[in-house]
1. Taking segment 39-58 on its own, how many of its residues are under 16 Å from Met105 (Cα atoms) and either over 14 Å from the mean Cα position of the chain (by Cα) or among the aliphatic types (A, V, I, L, M) (or both)?
2. Out of Ser10, Ser57, Ser96, I need the residue that is surrounded by fewer than 13 Cβ atoms within 10 Å (Cβ to Cβ), at pLDDT 95 or above and in contact with a strand residue (DSSP E or B) (Cβ under 8 Å, 6 or more places away or on another chain). Which one?
3. Looking at segment 59-82, is at least one residue within 13 Å of the chain's Cα centre (by Cα), in contact (Cβ under 8 Å) with a residue 40 or more places away in the chain and assigned to a strand (DSSP E or B)?
4. Within segment 75-84, can one find any residue that is aliphatic (A, V, I, L, M), surrounded by 13 or more Cβ atoms within 10 Å (Cβ to Cβ) and farther than 10 Å from Ile46 by Cα?
5. Does Trp82 fit the bill of being in contact with a strand residue (DSSP E or B) (Cβ under 7 Å, 6 or more places away or on another chain), of a type in the set (Phe, Trp, Tyr) and within 18 Å of Thr15 (Cα to Cα)?
6. Scan (1) under 14 Å from the mean Cα position of the chain (by Cα); (2) surrounded by 15 or more Cβ atoms within 10 Å (Cβ to Cβ) for the single condition Thr89 breaks and write down its number.
7. Just to be sure I understand, how many residues within segment 23-50 are of a type in the set (Ser, Thr, Tyr), out of contact with any Phe, Trp or Tyr (no Cβ under 8 Å at 6 or more places or on another chain) and surrounded by 15 or more Cβ atoms within 10 Å (Cβ to Cβ)?
8. Do any residues in segment 86-105 that are in a strand (DSSP E or B) have Cβ atoms under 6 Å from those of residues that are hydroxyl-bearing (Ser, Thr, Tyr), where the two are at least six apart or on different chains, and which pairs are they?
Amino acid sequence: MSDTYYPRLSTSGTTTTLAVVALPAGTPTRIAAASARRSSLAVANIGTGLASLGFASTVTAGNGWPLAAASASGDQGGAYEWPTAAIHTGEVWAVSAAGTAVAVMEG
């Protein structure tokens, strides 16, 4: 699922994972598995292609929650952080027509 895993961070007993996920052009990719124990979730586009977020593998480029492209690869483009009171515990998918990469922080 993820290209790069970073060390788990722990604060007050909560484990947080940061991963960078490559999105191949036109291919919906699961960026977060379903987790009933999820307490936080944030996604940032760090690639130069527009990304669209959705909750199923049927998400298509340009349809879904848009995350703007970064001005340069590795910079931050659009980002979204789910509010704690409305945290989504199902799968999260992303797709990009041109291809891009996203950083996913999950706790």
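1. Of the residues in that region, 7 qualify.
2. Sole residue among the options that is surrounded by fewer than 13 Cβ atoms within 10 Å (Cβ to Cβ), at pLDDT 95 or above and in contact with a strand residue (DSSP E or B) (Cβ under 8 Å, 6 or more places away or on another chain): Ser57.
3. For segment 59-82, residues within 13 Å of the chain's Cα centre (by Cα), in contact (Cβ under 8 Å) with a residue 40 or more places away in the chain and assigned to a strand (DSSP E or B): present.
4. Just the residues of segment 75-84 that are aliphatic (A, V, I, L, M), to begin with: 79.
Retained after the next criterion (residues that are surrounded by 13 or more Cβ atoms within 10 Å (Cβ to Cβ)): 79.
Okay, now just the ones that are also farther than 10 Å from Ile46 by Cα, so none.
There is no residue in segment 75-84 that is aliphatic (A, V, I, L, M), surrounded by 13 or more Cβ atoms within 10 Å (Cβ to Cβ) and farther than 10 Å from Ile46 by Cα.
5. The answer is yes for Trp82.
6. Result: Thr89 fails condition (2) only.
7. Residues of segment 23-50 that are of a type in the set (Ser, Thr, Tyr), as a first pass: 27, 29, 35, 39-40, 48.
Still in the list and also out of contact with any Phe, Trp or Tyr (no Cβ under 8 Å at 6 or more places or on another chain): 27, 35, 39, 48.
After this cut, where a residue has to be surrounded by 15 or more Cβ atoms within 10 Å (Cβ to Cβ) as well, the list is 35, 48.
So the answer is 2.
8. The qualifying pairs are Trp93/Ser57; Ala94/Thr29; Val95/Ser52.
The values are calculated or read from the model by the stated rules, or taken from the named source; none is laboratory data. These figures come from a predicted structure and were not determined experimentally. Note: ideal-geometry Cβ built from the backbone for every residue, glycine included; neighbour counts use all protein chains shown.
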